[in-house]
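The values are calculated or read from the model by the stated rules, or taken from the named source; none is laboratory data. Everything quoted here is computed from the prediction, not taken from an experiment. Glycine gets a Cβ as well: all are built from the backbone with ideal geometry, and neighbour counts include every protein chain shown.
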Amino acid sequence: MPGEVAEIALMTDSLGLGDASANAASSLVPVIDRAKAGDIAAFEQLIEHYERRVITTAWRLLGSSEDARDAAQEVFLRVYKYLRGFRTDQDFAGWLYRIIANVCRDHARARRRRDQFASFEVERELGNLESVASGENVEAAAIRAQERAMIVRALNTLSKKERAAIVLRDLEGLSSEEVARVLGSSQSTVRSQISSARAKIKQYRERVLNQQRRG
Amino acid sequence: MNCRRVRKLIPLYVEDDLAPSAASRIAAHLEWCGRCNWLADEYKESQSWLHTLTPPEFDEALLDDVKHGVLTEIAATRQRPSMLALLAQHWGRRQVLALSAAVLMIFALVVLYVYQARLRVDSALEAAGEPPREEIGPPIENGSPERGSEAAPGAGSQAPHIGSRGRRHLAKRLPKRSTPVEKEPQRSFEVASQSAQTITPGDTSTGSKEMLRIEIQTSDPLIRIIWFAPKETDQHQSKPATD
């Protein structure tokens, strides 16, 4: 069974999660069918195949490892709950993205005070990364972690919709059409959100760079 | 395409989110406009910076934790499936929809039946000469002493403002007197009590002899039947009168 999972992973790893490639879809169809029929082992395979990507996307959308873990758990529970209604001719990855976006939106909504703790979360992420990087060049790891924290802060300045749009488009690599489908918006709305988000990120970066130059 | 328009579209241009025709026009503009070109470069740098965001490494322990959490929750759910889950397991979506439609139809039929039954009662009341239930508000309001005393100061002025729904509501709240009338209108003419009393000739205009006054109280306190009859000659026609 682990061999089968690895085989599926190899077949689909080269493809983006949102890539509706026929090969990826056809290789997963039997597993999805078995999971739909209530086969827990097949569902476990689905989890193993997608969990890293789900948790990464959730982290990009939420900006916190702890929240990303909770969100990933919730995502798979929803997948299990609604898998019966999933048609195998649909794009599973797109369907999964929709669930991720909805779960992360619910998480963000439930945690209204996120913005107050956002900086704290970023600092904590930074601390974790610094402690992890004990084996390599500590200075380089710290610089990388600082950069990462700065980008997360930049993402925190966006509205939820802008963040979802830019994460899916620029970081997950979906096309704007796919992003529109996942978020249930029109393409023009998504393009507007993406444009606004890119402008805000650019402004944030310029502001930080100016501060660094002065400091 | 002017600079203002180009600057609006540059955020989309840098990541190829524009239609080819718009992208080529912007590219042509950027060839000769230094300021817009500089802005496009800034956006490209910003986007490159954004793409450097790599998520933290999620170790296997964390991933296993997520997986086991999900599987444990699923196992718990499977042990206690909900009613809907049971329905969904055994029935398909179409069957569930058909069942829902059937339940809705039955509900609608029950509502229709109750409505028609109420209409029938109202029409029976009208046929019996009684006002419809909605119109029996004022006597009911007066029938309850404590409620009458509560509503006494403004009762006269408020009464006309009570709509048919309000009267129906009052009728429901004060059912003691109205219930027999509403349920079986024909019984309202049944004799509740009967009394006979001898009166002097001066009391009536029917004759000079002594008269017998017969009162019949129906179950409706508003209706009382009174007969006056000559006392010694029972064969004479009596003249009914009502209060």
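For A:Arg69, the criteria (1) at the interface with chain B (Cβ under 9 Å from one of its Cβ atoms); (2) under 20 Å from A:Val179 (Cβ atoms); (3) not hydroxyl-bearing (Ser, Thr, Tyr) hold in every case but one, which is (2). If you go through region B:46-76 and keep only what is part of a helix (DSSP H, G or I), more than 8 Å from every other protein chain (Cβ to nearest Cβ) and not small (Gly, Ala, Ser), you end up with B:Glu60, B:Asp64, B:His68, B:Thr72.
Let's see how each residue does on (1) among the polar types (S, T, N, Q); (2) at pLDDT 90 or above:
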residue: A:Glu123; (1), (2): no, no
residue: A:Ala149; (1), (2): no, no
residue: A:Ala154; (1), (2): no, yes
residue: A:Arg163; (1), (2): no, yes
residue: A:Leu168; (1), (2): no, yes
residue: A:Ser196; (1), (2): yes, yes
residue: A:Ala199; (1), (2): no, yes
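Scanning region A:181-191 for residues that are out of contact with any strand residue (DSSP E or B) (no Cβ under 9 Å at 6 or more places or on another chain) and within 8 Å of chain B (Cβ to nearest Cβ) turns up at least one hit.
Scanning region B:20-47 for residues that are under 59 Å from the mean Cα position of the chain (by Cα) and within 30 Å of A:Ala58 (Cα to Cα), we see that the one that is surrounded by the fewest Cβ atoms within 10 Å (Cβ to Cβ) is B:Gln47.
Evaluation of A:Phe76 against the conditions (1) modelled with pLDDT of 90 or more; (2) within 26 Å of B:Leu84 (Cβ to Cβ); (3) out of contact with any helix residue (DSSP H, G or I) (no Cβ under 6 Å at 6 or more places or on another chain); (4) within 14 Å of chain B (Cβ to nearest Cβ) shows that the sole unmet condition is (3). Can you say whether A:Ala108 is farther than 29 Å from A:Ala37 by Cβ, of a type in the set (A, V, I, L, M, F, W, C) and modelled with pLDDT under 85, as far as the supplied structure shows? Spelling it out, A:Ala108 is indeed farther than 29 Å from A:Ala37 by Cβ, of a type in the set (A, V, I, L, M, F, W, C) and modelled with pLDDT under 85. Of all residues in region B:86-101, those satisfying the criterion of being within 11 Å of chain A (Cβ to nearest Cβ) and either surrounded by 14 or more Cβ atoms within 10 Å (Cβ to Cβ) or at pLDDT 75 or above (or both) are B:Ala88, B:Gly92, B:Arg93. For region B:1-19, the candidate set comprises residues that are facing chain A (nearest Cβ under 10 Å) and surrounded by fewer than 13 Cβ atoms within 10 Å (Cβ to Cβ); within that set, the residue that is modelled with the highest pLDDT is B:Lys8.
Between residues in region B:44-72 that are closer than 22 Å to A:Val167 by Cα and residues that are assigned to a loop (DSSP other than H, G, I, E, B), which pairs lie under 7 Å by C-beta distance while being six or more apart or on different chains? Pairs found: B:Lys44/B:Val14; B:Gln47/B:Val14; B:Gln47/B:Glu15.
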